[in-house]
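Notes for the one structure printed next.
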Amino acid sequence: LVDRQTGNIHKLGLDKRRAQAWALEYEREHGMHCHAREETAQKRALGEPVKHRGKKLDHADQITDAWKASDNGQAFQAALAQQGLTLCTARRGGGFVVVDGKGDVQKLARQLEIQEKQRAKTDLINKRLSDLDRSALPDADALSKDLHARHEAAVAEKAREAKKRAVGEGAGEG
């Protein structure tokens, strides 16, 4: 970004730190507490590098196994489906994401445990999955919303059934 008045280039990386510092101060002033923000602030104060690390799904091993067992996008998509996972297009950036049966969404590149890193990993993913028509892949947001709703409904149904059983068992004791 360029400041129109001064012509200076704005460094976004520094804004993240200022925003983080402001949020930390705001939370402290208002009695709020974010453990992750506190931990990040402590690391920065000690001069340690701080880099976002997305959590690995419980399925990272399954995703990696499916990757290693496939030689193209269709085979990879089928191998994921056998594990109850769905390959989708990302909402932003044009990459790929994986959605599990509960509707949790994670970036494919983050979940894939292979030797290649960063740009080389992205290039390898794009090359291997080039036989897939991205427009035919499910939308991750829509699928996630649907699966979350189904999962919540199933959990609620199980709770209702358990309550009915508990009430029924209690009635039989009297």
Being closer than 19 Å to ALA75 by Cβ, free of Cβ contacts under 8 Å to residues at least 12 places away in the same chain, open to solvent by 100 Å² or more (accessible area, probe 1.4 Å) and of a type outside the set (S, T, N, Q), is that true of even one residue in the stretch 91-100? no
For the stretch 33-52 the number of residues that are at pLDDT below 80 and among the aliphatic types (A, V, I, L, M) is 2
Tally up the residues in the stretch 56-67 that are modelled with pLDDT of 95 or more and exposed (fewer than 14 other Cβ atoms within 10 Å of the Cβ), please. 0
Say we look at the stretch 112-133 and pick out the residues that are of a type in the set (Asp, Glu) and without any contact (Cβ under 8 Å) to a residue 24 or more places away in the chain; which of these is most open to solvent (accessible area, probe 1.4 Å)? ASP133
Out of everything in the stretch 93-106 that is small (Gly, Ala, Ser) and more than 11 Å from the chain's Cα centre (by Cα), what residue ends up being modelled with the lowest pLDDT? GLY93
When LYS121 is evaluated against the numbered criteria (1) touching a Leu at 6+ places or on another chain (Cβ under 8 Å); (2) at pLDDT below 90, which criterion, by number, is the only one it fails? (2)
Checking the condition open to solvent by 50 Å² or more (accessible area, probe 1.4 Å) and under 20 Å from the mean Cα position of the chain (by Cα), which residue from ALA142, ALA166, ALA109 passes? ALA142
Tell me, yes or no, whether the stretch 100-109 has at least one residue that is at negative phi and in a helix (DSSP H, G or I). yes
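The values are calculated or read from the model by the stated rules, or taken from the named source; none is laboratory data. Everything quoted here is computed from the prediction, not taken from an experiment. Please note: Cβ atoms are built from the backbone with ideal geometry, for glycine as well, and neighbour counts cover all protein chains shown. Surface accessibility is based on the protein's heavy atoms, side chains included, excluding ligands, DNA and RNA. Shrake-Rupley method; radii C 1.70, N 1.55, O 1.52, S 1.80 Å.
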